[in-house]
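Beneath this line is the structure, given in C-alpha cells, with notes to follow.
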Ligand SMILES: [Zn+2]
C-alpha cells in the first residue's frame, strides 16, 4: 500500500495505470496523481456501492517472509517498506497492481475486514479517491498523517488497532450488511474457504471475524527470529 505523507516516505516510483490488466483492486478504479507531496492515489471511475469488495488478496501478490534477503536488499528495501503491508503472520505483502497506491485516511471509505479483503464503508462516488485505514496494516512505527479529514488523528500509531478495533468493527459490520445486495466483481479472486466464511456471516449473522484477526505483534517476530 502507499503513503501517508511525504515526510514519512522515501521517494516514490511511478508506474502507468495500464500496467494492471486484471486488477485485484476493484476494476472501476484508476491511478491518478494526487499532489507532489502525496504522490499517486487510486480513484473510483464509477460508483462503488457500500459493501463492495474493493481489494482482495490474490495468489499473484508478492510475499516477503521474515528473513527474506530482499527486505534488506538496498535495491528493494525502499519499495517493500513503502508499498507492502504486514499480514497477521508477519509476512509483508506487496500488491502487484494499483492496490499498492491506495492512500491512508483517518476517515477512509474502505477498510480491511478480518477476512483479508477491503470493503467499501459507504458509497464511493466516481472521481473520489479510494482511501484505507493503515492502522490495520501492523505498522512498525508511527506515521505522521496529513489526510485532512475532520477526524484526522495526526499520527497513525502502531497500536491504533488495539484501541480502535471495536469502533472499526461497527463500521465493517455496517458495510457487510449490504454485501449480498451489491455486485462483487472481485469475488472470483477470493479463495473458497474465505468466501464460505464471509457468506456464513452475512447470511446468518454468526461467526463474524473481527478486524483484530489482522493484528500481528512485532515483538513476536523479534522473539521468533
Ligand atoms: Zn489523518
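Computed FRET efficiency, Cβ-Cβ of residue 216 and residue 180, R0 25 Å: what is it to the nearest 0.05? Numbers along the way, then the final one.
Values: r = 30 Å, r/R0 = 1.21.
So the FRET efficiency works out to roughly 0.25.
For residue 146 and residue 70 in the same chain, what is the full-extension length gain: residue separation times 0.36 nm, less their Cα-Cα distance, in nm?
Values: separation 76, 0.36 × 76 = 27.36 nm, distance 3.01 nm.
Once the chain is fully extended between residue 146 and residue 70, it gains 24.3 nm.
Which order do peptides 130-143, 188-201 fall in by mean Cβ count within 10 Å, highest first? It would help to have the intermediate numbers written out before the result.
Details: 130-143: 20.9, 188-201: 15.1.
Order by mean packing, descending: 130-143, 188-201.
Here residue 122 and residue 200 are evaluated by their C-beta separation; at R0 = 30 Å the FRET efficiency comes out at 0.80.
The Rg/Rh ratio for region 29-224 is 0.94, where Rg is the radius of gyration of the alpha carbons and Rh is the Kirkwood radius. Only helices enter the 222 nm calculation for the chain: every DSSP H run of n ≥ 4 contributes -39,500 (n - 2.57), and dividing by all residues gives -6000 deg cm²/dmol, rounded to 500.
Where a number appears in this text, it was derived from the coordinates with a stated rule and is not lab data. Keep in mind that this is a model prediction, so the values were computed, not measured. Methodologically, a virtual Cβ is constructed for each residue, glycine included, from the backbone with ideal geometry; neighbour enumeration extends over all protein chains shown.
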